[in-house]
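Step one of this worksheet: look at the structure below.
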Amino acid sequence: MAFSLEYFSEIVDDAISAIDYPKTAPRLFDPIKYTLQSGGKRLRPVLALAVFSALTHRPAEEAVNQAIAVELFHNFTLLHDDLMDNADLRRGRPTVHRKWGANTAILSGDAMLTLSSMYLAKGAGSHLAKLDESFNQTAMEVYEGQQLDMEFENRDKVSVAEYMEMIRLKTSVLLAGACRLGAIMADAEQATADAFYKYGLALGLAFQMRDDWLDTYGDPAVFGKAIGGDILNRKKTWLLITALNESPEELPAILAEDLDDDEMIRQVRDVYDSLNLGDRCEKLALQYSEDARKCIADLKIDVEALNFFNKLAEEASRRNH
């Protein structure tokens, strides 16, 4: 077995392509196929398979249904998020509610959620109760994170601590939960499952901090979209929150001005630069990446597997897209 991102991603993609949708109401399932076929990093199902493989040395396919459950759930949240945000595009294509309408987006999202539960149970055997408990806890935390994110949009003051808790819930717990599903399927000891769960949490924080940085400082040709969207949307990122706290007069005055988009981005970035926020944000991402590696450093797993997880953590904090 080649312990690589490509190897696990191929297993995930093959399983997604093989999903047998009911033929009764194609308009319900076409948006699901459309959403899953639009790509994405497949990071969550890959984590579930990689953890299972690292702990068992058995074929990763034995945990593929649980991996697909995570991917279905993740995409369900994106479908509903796009509707709540009134977003036009997702991964360069029209969002489901733009293509099929809001009602279809809601119903197809509900169907994805149910499909995820069905896949979680497939081949689960004696692990089903633990899988259910972990999956449901993760789902509730993701919903809590989304609610906090929406509330932050209408608040003038958000602390860094509040923001970090929000992204832990909205982003990190699903990565951590994917790791835990793989560990449960592998009959891992609790301490081992906990170590991988903490790895997933830290990995998610590194990933999100890098995402915040990329939206403001990334290369649009590599990043795949125009930079500065978070600034224009007044999105409460670590950068914006920290700048508001440390420049409580200058930044709000800029945000209140009627500036064109390029000038708004330039002036806000000037404030960020004066506070050295770009470098500080990058260092935080690197720190969370190091935290992730420390979580699994003492686990008794093959060197090839350990290198895979360490590389994944490093790439999360240094990626360019």
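By average Cβ neighbour count within 10 Å, what is the ranking of 29-41, 188-200 from highest down?
In decreasing order of mean packing, 29-41, 188-200 become 188-200, 29-41.
In whole percent, and with a 1.4 Å probe on the protein chains, what portion of the accessible area of region 157-252 is carbon and sulfur?
That fraction is 53 percent.
Measure off 7 Å from each Cα along the Cα-to-Cβ vector at Ser38 and Ser126, then give the distance between these two points in nanometres to one decimal.
Each label point is offset 7 Å from its Cα along the Cβ direction, giving 4.2 nm.
Arranged from highest to lowest average of other beta-carbon atoms within 10 Å per residue, in what order do the peptides 153-162, 267-276 appear?
By packing density, highest mean first, the sequence is 267-276, 153-162.
Let me understand region 62-220 better: what is its radius of gyration from the alpha carbons, and its Dmax, in angstrom?
Both quantities, over Cα of region 62-220: 16.8, 49 Å.
Carbon and sulfur atoms: what percent of the 1.4 Å accessible area of region 1-69 do they account for?
53 percent
What ranking do 300-306, 175-181 get when scored by the average of other Cβ atoms within 10 Å per residue, highest first?
Output ranking for 300-306, 175-181: 175-181, 300-306.
Calculated FRET efficiency, Ala221 and Asp14, Cβ-Cβ r, R0 35 Å, to nearest 0.05?
Calculated value: 0.65.
Cα atoms only, region 276-321: Rg and Dmax in Å?
12.1, 40
Any chance you could list P(r) for region 206-271, counting all Cα-Cα pairs in 5 angstrom bins from zero, rounded to whole %?
Histogramming region 206-271 at 5 Å steps yields 3, 17, 30, 26, 15, 6, 2 percent.
If each Cα of region 159-292 is one equal point scatterer, what is log10 of I(q)/I(0) from the Debye formula at q = 0.11, 0.18 Å⁻¹?
For region 159-292 at q = 0.11, 0.18 Å⁻¹, log10 I(q)/I(0) is -0.46, -0.97.
How long are the semi-axes of the equivalent ellipsoid of the chain, defined as square roots of 5 times the Cα gyration tensor eigenvalues? Whole Å, largest first.
Equivalent ellipsoid semi-axes, largest first: 34, 25, 17 Å.
Tell me, how many Å apart are the Cα centres for region 244-321 and for region 131-182?
What the calculation gives is 18 Å, centre to centre.
Can you compute the modelled spin-label distance between Asp194 and Lys311, with each label point 7 Å from Cα toward Cβ, in nm?
Going from the Asp194 label point to the Lys311 one covers 3.1 nm.
Accessible area per residue of region 78-138 at 1.4 Å probe, in Å²?
I get 53 Å² per residue for region 78-138.
Tally up the carbon and sulfur contribution to the accessible surface of region 85-142 as a whole percent, 1.4 Å probe, everything protein left in place.
56 percent
Only helices at least 15 Å long along their axis, Cα-based, and averaging -0.5 or more on Kyte-Doolittle count here, so list those DSSP H runs from the chain.
Those that clear 15 Å and a mean of -0.5 are 5-17, 26-37, 43-56, 64-85, 102-121, 173-185, 190-217, 303-318.
For the cross-link pairs Lys130/Lys311; Lys130/Lys294; Lys157/Lys198, which exceed 32 Å when the distance is taken from alpha carbon to alpha carbon?
In this structure, not one pair exceeds 32 Å between Cα atoms.
Please report the base-10 log of the normalised intensity I(q)/I(0) for region 94-144, using a Debye sum with one equal scatterer per alpha carbon and no solvent, at each q in 0.19, 0.22 (1/Å).
Here log10 of I(q) over I(0) equals -0.74, -0.84.
The values are calculated or read from the model by the stated rules, or taken from the named source; none is laboratory data. Because the structure is a prediction, the values reported are computed rather than measured. FYI the Cβ positions are ideal-geometry reconstructions off the backbone, even for glycines, and counts take in every protein chain you see. Just so you know, the surface numbers come from the protein's heavy atoms only, side chains and all, with ligands and any DNA or RNA stripped out. Shrake-Rupley method; radii C 1.70, N 1.55, O 1.52, S 1.80 Å.
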